1. Here are some conditions: (1) in contact with a Lys or Arg (Cβ under 9 Å, 6 or more places away or on another chain); (2) among the polar types (S, T, N, Q); (3) part of a helix (DSSP H, G or I). Asn10 meets all but one. Which one does it not meet?
2. Which pairs have Cβ atoms under 9 Å, sit 6 or more apart or on different chains, and link a residue in the range 99-115 that is among the charged types (D, E, K, R) to one that is surrounded by fewer than 13 Cβ atoms within 10 Å (Cβ to Cβ)?
3. Among the residues of the range 95-117, is any touching a Leu at 6+ places or on another chain (Cβ under 9 Å), surrounded by 13 or more Cβ atoms within 10 Å (Cβ to Cβ), among the small types (Gly, Ala, Ser) and under 21 Å from Ile33 (Cα atoms)?
4. For the range 90-99, state whether one or more residues are at pLDDT 90 or above and farther than 22 Å from Pro114 by Cα.
5. Among what's in the range 118-142 and is among the aliphatic types (A, V, I, L, M) and surrounded by fewer than 17 Cβ atoms within 10 Å (Cβ to Cβ), pick the residue that is farthest from Ala73 (Cα to Cα).
6. Condition first: of a type in the set (D, E, K, R) and farther than 20 Å from Leu68 by Cα. Now tell me which residues in the range 91-142 satisfy that.
7. So which pairs qualify, if the first residue must be in the range 13-40 and within 20 Å of Ala74 (Cα to Cα) and free of Cβ contacts under 8 Å to residues at least 24 places away in the same chain, the second must be among the acidic types (Asp, Glu) and outside any loop (DSSP other than H, G, I, E, B), the Cβ gap must be under 9 Å, and the two must be at least 6 apart or on different chains?
8. Just give me the residues in the range 41-50 being in a loop (DSSP other than H, G, I, E, B) and under 19 Å from Ile21 (Cβ atoms), in sequence order.
Amino acid sequence: MDETHINEFNKRATERCWDRIRRAAKSANPDCIIWLTCYDLQHPMLKDSRMLREVDWIMNEHPDTEKLAHLRAAIGPQTQIIQCICGWGDQHNAEKIITNPAFDALGLYGFARPDLETTVPPEDDSGNARNIAAMRRAFNSP
């Protein structure tokens, strides 16, 4: 099969899977929240996906505002976007994401790699420590 057929096959399989997940979850608890996290929300198999339009919460793992705009266009009106601000240290700048108006009104999700001995985040000047400090300020602000 060529790539177009593979993507179409995967798209249909994903839609069937989504139908069952959504039906099972909502039949068990109609008020439950279904949270989708997916690294590549612009993958061809997700183009025009009902799953993106119907999911309750969706994780945006990219700090790129262009990808955020594409995601906003693909989701349903009830879908809450949760912005990941982790970035594994220096990969993302949490402060820049948190203070960017494009990310206003989004939920925030963040975590950090702890020190292996103390199990708490490091108190150095690493990207990881700076991101943790930015998350602390954001999560503790009124």
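The values are calculated or read from the model by the stated rules, or taken from the named source; none is laboratory data. Values in this document were obtained by computation on a predicted structure and should not be read as measured data. Glycine also receives a Cβ, built like all others from the backbone with ideal geometry; neighbour counts cover every protein chain displayed.
1. Looking at each condition in turn, Asn10 falls short on (1).
2. Between residues of the range 99-115 that are among the charged types (D, E, K, R) and residues that are surrounded by fewer than 13 Cβ atoms within 10 Å (Cβ to Cβ), the close pairs are Arg113/Trp88; Asp115/Glu123.
3. Checked the range 95-117: no residue is touching a Leu at 6+ places or on another chain (Cβ under 9 Å), surrounded by 13 or more Cβ atoms within 10 Å (Cβ to Cβ), among the small types (Gly, Ala, Ser) and under 21 Å from Ile33 (Cα atoms).
4. Yes, the range 90-99 contains a residue that is at pLDDT 90 or above and farther than 22 Å from Pro114 by Cα.
5. Val120
6. Arg113, Asp115, Glu117, Glu123, Asp124, Asp125, Arg130, Arg136, Arg137
7. Final answer for the pair search is Ile34/Glu54.
8. Leu41, His43, Asp48, Ser49
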